[in-house]
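Reading through the structure tokens given below for one structure.
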Amino acid sequence: MEQVAQKPARTEEAARSGHEQWSSDMVFVLAALGSAVGLGNIWRFPYVAGENGGGAFIAVYLLFVLGIGLPALIATIMVGRRGQASPDHCFERIAATEGLSRRWRQLGWLLVLTTFLLLTFFSVVAGWIFDYLFKALSGRFAGLEADTSAALFDALKADPLRQALWHGVFMSCTLVVVAFGIRRGIEVAVKWMMPGLALLLVVLVAHSMSVGDGAAAARFLFQPDFSELDADVLLLAVGQALISLSVGGAGMIVYGSYLRREASIPRTAGVIAGADTLVALLTGLVIFPIVFAFGLKPSGGPGMIFVTLPVAFGQIPGGALFGTLFFVLLLLAALTSAFSMFEPAVSWLEQHRGLSRKCAALSAGAVAWFVGLSTVFSFNILSHVRPLAWIPPWRDMSIFQGLEHLVANLASPLGALLVSIFVAWKVGEQLRREEFGSANGVLYPTWRLLARYFVPVAIAAIFIASLF
């Protein structure tokens with residue numbers, strides 16, 4: 001009962017210290033959904049599904065979202081709301097009240113650093129979206145052939161000045177929104193962007209199904225051939241489930257720290273997971289009807305968005321408008337994700353260095369842009385550099401590939417694993433029940449079982465596989 005009595009005091013203390021809160025639970029859902037619905041869903045999900053059996057991959061992906069991604073997401077939000085601070089302070093405060101080591105705060109630092117490094121190369125890829133948006137607007141896709149499309153993309157990657165410019169434009173857009181804070185910045189942005197993203201997605205699905213081969217796409221996505229499954233596909237599906245829900249970084253912890261005490265974490269996390277999965281599937285219905293209609297390969301890999309689809313946009317009726325709307329969709333998804341990647345660093349600078357919100361945003365943005373130049377140059381003037389050449393399995397990775405591997409395949413799974421251990425094993429039962437909110441019936445015991453056993457085992461498998 002002592003912890004129950006302390007809970008309102010911590011909330012009041014956070015309010016007095018200027019720690020903001022979302023104006024409503026729905027806004028939190030929109031912001032968290034914006035964090036989850038990023039390039040991981042609209043760029044990565046289609047090509048990963050295309051390369052790994054379509055419907056079979058999607059079937060196990062849906063299972064892992066429910067059994068692994070959702071429990072991990074609930075645990076992550078719990079840490080944020082309980083701590084109501086930057087991630088390291090969240091872990092430190094919870095550890096103090098639970099009699100745990102203060103060293104748990106180092107996990108918060110790991111999550112902030114991981115998320116910030118992710119933003120530095122994510123921003124470069126998002127800059128490509130700006131470039132292709134203007135290509136679509138200017139009609140550059142008309143009559144485009146496969147070889148020409150590949151050359152167009154290669155020319156962009158070979159141009160460091162153009163990439164640095166678009167990288168800077170994207171970081172500036174992110175910086176400006178986050179600089180205005182939660183209520184006047186991120187909240188206002190997601191209230192407009194997320195409904196706009198949903199509307200664009202519905203329009204694009206309708207157009208794609210009408211001009212493309214919707215029947216072939218539906219068979220590919222929803223008629224699983226389980227003979228396509230192997231251990232590698234299962235690990236990819238687990239990883240995609242975690243990536244899609246933004247588990248393994250600091251963004252959801254920080255967003256959770258702005259969530260009001262009365263909100264139901266399981267309910268809001270369930271809405272986020274359901275809507276996020278729906279967006280991923282709808283994105284498949286945008287892309288694959290076009291891919292099949294023009295005899296293109298669904299296993300086009302990471303270049304599907306920037307090489308394969310522009311060829312199709314140049315041939316379908318209304319292709320210029322369709323291509324423009326598609327890259328606007330991608331841009332909205334990238335921006336809403338970037339807000340959650342940028343906010344932890346800004347929050348950390350505010351709380352640890354005493355900077356104003358605008359000064360913290362400007363400082364973090366400048367560093368992110370500068371570090372991101374290493375990714376820009378890895379495609380051109382530093383393309384020969386292999387920073388991990390001393391590690392045999394990774395010796396051929398470029399700067400970008402090495403950074404992506406370290407962040408996405410090692411640091412993020414490690415962070416998610418440690419968060420699940422902290423919440424499911426280290427903190428007390430009373431704290432978990434208080435934050436879960438509804439401990440009656442089978443919901444809480446089911447979540448605790450999944451969070452204690454299935455989530456750590458699955459994430460540990462991904463982490464170990466990434467080492468080799």
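For the stretch 234-276, the C-alpha radius of gyration sits at 1.29 times the compact-globule guess of 2.2 N^0.38 Å, with N the residue count. Between the Cα long axis of helix 55-64 and the first principal axis of the chain there is an angle of about 10°, rounded to the nearest 10. Here the Karplus relation 6.51 cos²θ - 1.76 cosθ + 1.60, evaluated at θ = phi - 60°, turns the backbone of the stretch 104-109 into coupling constants of 4, 5, 5, 5, x, 4 Hz, with x for every Gly and Pro.
The label point for Ser210 and the one for Lys191, both projected 7 Å from the Cα toward the Cβ, are 3.3 nm apart. Legend: P(r) of the stretch 99-160 from all alpha carbon pair distances, 5 Å bins from 0, whole percents, reading 4, 13, 16, 16, 10, 8, 8, 7, 6, 5, 4, 2, 1, 0.
By the compact-protein rule of thumb, 2.2 N^0.38 Å, the alpha-carbon radius of gyration of the stretch 314-427 corresponds to a ratio of 1.45. Axis angle, to the nearest 10 degrees, between helix 187-211 and the longest C-alpha principal axis of the chain: 40 degrees. The helix-only estimate of mean residue ellipticity at 222 nm for the chain, built from DSSP H runs of length n ≥ 4 each weighted as -39500 (n - 2.57), is -22500 deg cm²/dmol after division by the residue total. Modelled spin labels at Glu228 and Phe180, positioned 7 Å past Cα toward Cβ, are 4.3 nm from each other. How many angstrom lie between the Cα centre of the stretch 243-272 and the Cα centre of the stretch 396-468? Answer, in whole Å: 14.
Taken along its principal axes, the alpha carbon cloud of the stretch 42-184 reaches lengths of 65, 41, 28 Å, longest axis first. Building the convex hull from the alpha-carbon atoms of the stretch 190-298 and averaging its projection over directions returns 9.0 nm².
Diffusion of the stretch 374-468 by Stokes-Einstein, at 20 °C in a medium of 1.002 mPa s and with Rh set to the Kirkwood radius over alpha-carbon pairs, works out to 136 µm²/s.
Comparing the stretch 176-227 with the 2.2 N^0.38 Å rule of thumb, its C-alpha radius of gyration ratio is 1.83 (two decimals). When each of the peptides 74-83, 132-141 is scored by the mean number of other C-beta atoms lying within 10 Å of its residues, the order from highest to lowest reads 74-83, 132-141.
Taking packing as the residue-averaged number of other Cβ atoms within 10 angstrom, the listed peptides 262-273, 426-437 run from highest to lowest as 262-273, 426-437. From the P(r) of the stretch 24-87, can you give the percent of Cα pairs sitting at distances over 16 Å? Counting pairs separated by more than 16 Å, the tail of P(r) holds 62 percent. The ellipsoid equivalent to the alpha-carbon distribution of the stretch 134-213 has semi-axes of 30, 24, 8 angstrom, derived from the gyration tensor eigenvalues as √(5λ) and listed largest first.
So what is the relative contact order of the stretch 342-467, in percent, for Cα pairs below 8 Å that sit 6 or more residues apart? Over the stretch 342-467, the number comes to 18 percent. In this entry, the stretch 89-132 is assigned a mean projected area of 3.3 nm², taken as a quarter of its C-alpha convex hull surface. Shape descriptor for the stretch 252-363: Rg over Rh equals 1.13 (Cα atoms; Rh from the Kirkwood inverse mean 1/r).
Return an integer: the convex hull volume of the alpha-carbon atoms of the chain, in Å³ per residue.
Each residue corresponds to 137 Å³ of Cα convex hull volume.
Extension gain for the segment Val457 to Leu137, taken as residue separation times 0.36 nm less the Cα-Cα distance, is 110.5 nm to one decimal. For the chain, lysine pairs with C-alpha atoms less than 29 angstrom apart, excluding pairs fewer than eight positions apart on the same chain, total 6. Expressed as an acute angle from 0 to 90° and rounded to the nearest 10, what is the orientation of the C-alpha long axis of helix 231-244 relative to the principal long axis of the chain? Taking the Cα atoms of the chain, the angle to 231-244 is about 70 degrees.
Taking the mean number of other Cβ atoms within 10 Å as a proxy for protection, how do you rank 237-243, 276-282 from highest to lowest?
Going from most to least packed, we get 237-243, 276-282.
The simple spin-label model puts a point 7 Å past each Cα toward its Cβ; for Leu199 and Leu235 those points are separated by 4.4 nm.
The numbers here are math on the coordinates, done by the rules we state, and not lab data. In this text the structure is predicted, and so the values were computed from the model without any measurement. So basically every Cβ, Gly included, is an ideal-geometry build from the backbone, and we count neighbours across all protein chains shown.
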